[in-house]
Structures are given as structure tokens and as C-alpha cells.
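Worksheet: one structure, shown below.
The values are calculated or read from the model by the stated rules, or taken from the named source; none is laboratory data. This one's a predicted model, so the numbers in the text were calculated from it and none came from an experiment. Neighbour counts are summed over all protein chains in view; Cβ atoms, including those assigned to glycine, are modelled from backbone coordinates with ideal geometry.
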Amino acid sequence: MKEKLIPKKIVEELNKYIISQEDAKKNVAISLRNRYRRKQISDMKLKNEITPKNIILIGPTGVGKTEIARRLATITDSPFIKVEATKYTEVGYVGKDVESMIKDLVSITFNKLKVKKIETLKEKYQEVTFLKVAKLIKPYGTINPDEKNILLDEVKSGKYDDQEIEVEKHQNSDAPMVEVFATGNEPDEDGVKGIIDNIMSSFPGGKKKIVKMSVKNAIEYFLRTEIEQNIDLEELKPLAIEKVEEDGIVFIDEIDKIAEREGSNSEVSRQGVQRDILPIIEGTTVMTKYGSVRTEHILFIAAGAFTQASPSDLMPELQGRFPIKVRLNTLNKDDFVKILTEIDFNLLTQYRELLKTDKVNLSFTKGAIEEIAEIAIDLNEEIENIGARRLAGVIEKILNDIMFEAPYEKQTTIKIGKKDVVKIFNYDFVEENLDNYIL
Ligand SMILES: Nc1ncnc2c1ncn2[C@@H]1O[C@H](COP(=O)(O)OP(=O)(O)OP(=O)(O)O)[C@@H](O)[C@H]1O
């Protein structure tokens, strides 16, 4: 983990996904390292004097602000949430509940820990499950040890998947796997309740019935029951809290929208939101259903275009908590070409792999890729600058017919050249047709 937090290593990893924006990549890496450095300081008095080095990313839409923060979190395995500062000025939110960002972050983290735990338990109980099912296929008393091993291997390989067997089933445990294992980002009261209900019904004395099911379903059923009986959700709560307190990252988008120039007569609620957010950033205790969370080590990354306001329009106390300010640049054609070709899992690769599943071998010439980048830049200038997000729309349009026609009768190779791209877009650059691109 510590290895992962070395600034140079972080930037190296970020480079796999984000083109340009060197300053931003470098500074988020520094922020993260500084949190770690601060935690190492043992002199409590000194430590308390050092404030976290939160960061404001300034730049137009679609240039990588969120992407950098999100990737940073993934690379360092940090709990992450993105919130919009403007949300807290909406009716029903005014003056309250900025703490929900922390509550939601804990929920997300708890759910992730739950998923991980389920994976571990799946591995742990898989063998027992296969054994149980094998015994139901052929009672072990009737076969010798060699036959047992062969049978067990056959069950694992799926040989008996479709065969029906009789299983003694606890009633009330019909909930499908996906429901019991619900792991959305939503608070998961229902998922927990489902698990508890199931556990209750599997206590001795709970109702049982014999049902017929396929071996495949029986394996799933037994595995699920083992997991439900052995998962300890209570033990995950303090772990989730600790992880958020130590490693959490909160990304606050549209921070510029709650900044206001002195003398401007916008609603007071903007200042109110700043005032509400401040203590969370300074360090406070937030009560959640998983326990109470201290927020002082959480890293806050704020972002905004700052076209109307400047970071200096934020309350001084809030500015003080965001000592690092970095400007991101508008992406140019070369950047777009690199986004299309150089980053891991880039858009072209995604579409190539999608079509490969329909036996289409898709490729783009260098000329075509440059043309795509050029068109994206033009559309951004003509209609609205949405940054790199434009690329997806352009490619979608180019591949529209192909994606509709596939699968073809046999394996097909399609090479998109510059001419193809020009042809598809020629007609569109007439003024009135640009409406098609308004998202
Ligand atoms: N510099 C970049 N390198 C690689 N991909 C990028 C870059 N900038 C943007 N993208 C792509 O564009 C998408 C949108 O970018 P992102 O979400 O980071 O926008 P943003 O700058 O946070 O703007 P907003 O404030 O509107 O959310 C990303 O998911 C990513 O695929």
C-alpha cells in the first residue's frame, strides 16, 4: 500500500489513463502523499498544526478532473465519492445534510467490503459445497474413495449441472442470489434484512422442505447458505469506518457554483453551503448508521470551471483548506488522438472488442483517427465544448451502421479510413444539422 502512495508511482499509474494534465496528476499525488506523511508524525501537537493539503482542480468540462480523482482512488484503493456542490443549494437540501457525503461514502465502502468478504467466503466454502452436492448425487457410503474423488471432480467440472437432485431446503430462502448479495451504492438496509431473514429461517427448527433442483442450482443454493451463515456484517462496520477515516477521498464538483463575488446578490444559500461544508473539511464527527466517522484525514478534491468566479471568491477559511490550486488545460487534437489510442482500455479498443463478439474485426487507419480527433475539436467549437466526452459521440456515429448490421454471415474485417469518416460527417457540418449533436 505504501509503495502505491509514492508520488512518482501514482503519476506513472495515472499516465496509463489520463493524457496531458501533468500538473494536476503531480499535485493530486502530492496531496495524497502528504496525508500519509502527516499520519506518520507522532508529535500530536505538531500534527494538529499541519492541515491537510486539499486541492482545487480548475478547468473546463471534460478535460479529466473527475477522471484523475477517480483513478487516483482506484490506484490507491481509497474509498471514493463524487458529489456536486450545487446539490446542497437545492430545495430540500438547503442548509442541511452536507454530512450525507460522508454517510454515503461509508455506505459505498461498507458495500465494497461486503462484496470482498463474499468473494473470500465463496472461495472458502466452495469445496464444502461441491462435497455436499456430490453426496446427494451418489451417497458416499455406496462408493469407494477413488470413485468419490472422480465424482467430486466431475461435479466441479459441471458434468452433472443439469441433473436433478433432491435438496432439503430451508423455507424462506428463495431469494435469488443477486438480491441477497445486493451491493449497489445505495444504503443496503434491504440487503442486510434479506440476509438476516435467511439466517433466521435456517436455524434448527426453521421450516424445511424437500425440493427438486438442478445440480447447478443446488451448488449455488448451498454456497449461498454457507455464506449467509458465516458472514459477519457487524465486523465490517468498524472496518468501513476506519477505511473512510484513513483513506477516504471526497470529490466535490462544481465548487465554483457555490463561490460568489463580493457584492453579488445571488441567494445566500451559496455562502450557507460553504459554511456547512467547512467543518467537514476542517475535521468533525459525522454520525452514520455504521458508527461515527472523524473527517480530518479525508482528502477533499474540489473542482470547477471557474469561468464566473475565482477560487478567491470562496470563503477565506475554505480557501485555507485548499492550499493547492491547479489549472487543467483544454485538450487539443494531439491529446484526443492519444486518448483514442494510448490509454488503457481506450474507446477504440472498447468498440473493437464489442464488435469482436460479433465476429467483426474492426480497425481504424491513422488518418481516420486523426480525422475523428479533428471532428471532435470542430464540434466542440461549433456547438459546445464538452471536452473529451465528444469523442464517444463521434465514434458512435461512425460505427452506427456497422453496429446495427453486425453480426454478418461470416467473419468480417472492417477497416475505417479517413475517407469513410469524412463521408459520414460531410453532410452534418451544414449549420442546421449540427442540432443532431446537442446532447
Ligand atoms: N485528459 C484526459 N485523458 C483521458 N481521458 C480523458 C481526459 N479528459 C477527459 N477524458 C475522458 O472524458 C470523460 C470526461 O472527463 P471527466 O469526467 O474527467 O470531466 P471533468 O473534467 O471532470 O468535467 P466535469 O466537471 O464536467 O465532470 C472521462 O471519463 C474520460 O473518459
If I ask for residues that are under 10 Å from residue 344 (Cα atoms) and near the ligand (Cβ under 9 Å from one of its atoms), which ones from segment 11-27 would you list?
17, 18
If you scan segment 1-49, which residues turn out to be assigned to a loop (DSSP other than H, G, I, E, B) and hydroxyl-bearing (Ser, Thr, Tyr)?
17, 20, 42
Any residue in segment 285-305 that is outside any loop (DSSP other than H, G, I, E, B), at pLDDT below 95, touching a helix residue (DSSP H, G or I) at 6+ places or on another chain (Cβ under 8 Å) and within 16 Å of the ligand (Cβ to nearest atom)?
no
Which one of these does residue 357 not meet: (1) within 16 Å of the ligand (Cβ to nearest atom); (2) exposed (fewer than 14 other Cβ atoms within 10 Å of the Cβ)?
(1)
Could you tell me whether residue 52 is over 17 Å from the mean Cα position of the chain (by Cα), in a loop (DSSP other than H, G, I, E, B) and crowded, with 19+ Cβ neighbours inside 10 Å?
yes
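So that you can scan it fast, the table gives a plain yes or no per residue for (1) at pLDDT 95 or above; (2) assigned by TED's automatic domain parsing to the domain that holds residue 322; (3) within 10 Å of the ligand (Cβ to nearest atom); (4) surrounded by fewer than 20 Cβ atoms within 10 Å (Cβ to Cβ):
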{"residue": "36", "(1), (2), (3), (4)": "no, yes, no, yes"}
{"residue": "39", "(1), (2), (3), (4)": "no, yes, no, yes"}
{"residue": "47", "(1), (2), (3), (4)": "no, yes, no, yes"}
{"residue": "56", "(1), (2), (3), (4)": "yes, yes, no, no"}
{"residue": "63", "(1), (2), (3), (4)": "yes, yes, yes, no"}
{"residue": "66", "(1), (2), (3), (4)": "yes, yes, yes, yes"}
{"residue": "72", "(1), (2), (3), (4)": "yes, yes, no, no"}
{"residue": "79", "(1), (2), (3), (4)": "yes, yes, no, no"}
{"residue": "82", "(1), (2), (3), (4)": "yes, yes, yes, yes"}
Would you pick out the residues in segment 270-306 that are over 25 Å from the mean Cα position of the chain (by Cα) and either without any contact (Cβ under 8 Å) to a residue 60 or more places away in the chain or under 17 Å from residue 52 (Cα atoms) (or both)?
271, 274, 275, 278, 279, 282, 283, 284, 285
Do you know which residues across segment 221-254 are of a type in the set (A, V, I, L, M), farther than 27 Å from residue 273 by Cβ and assigned to a helix (DSSP H, G or I)?
223, 227, 233, 236, 239
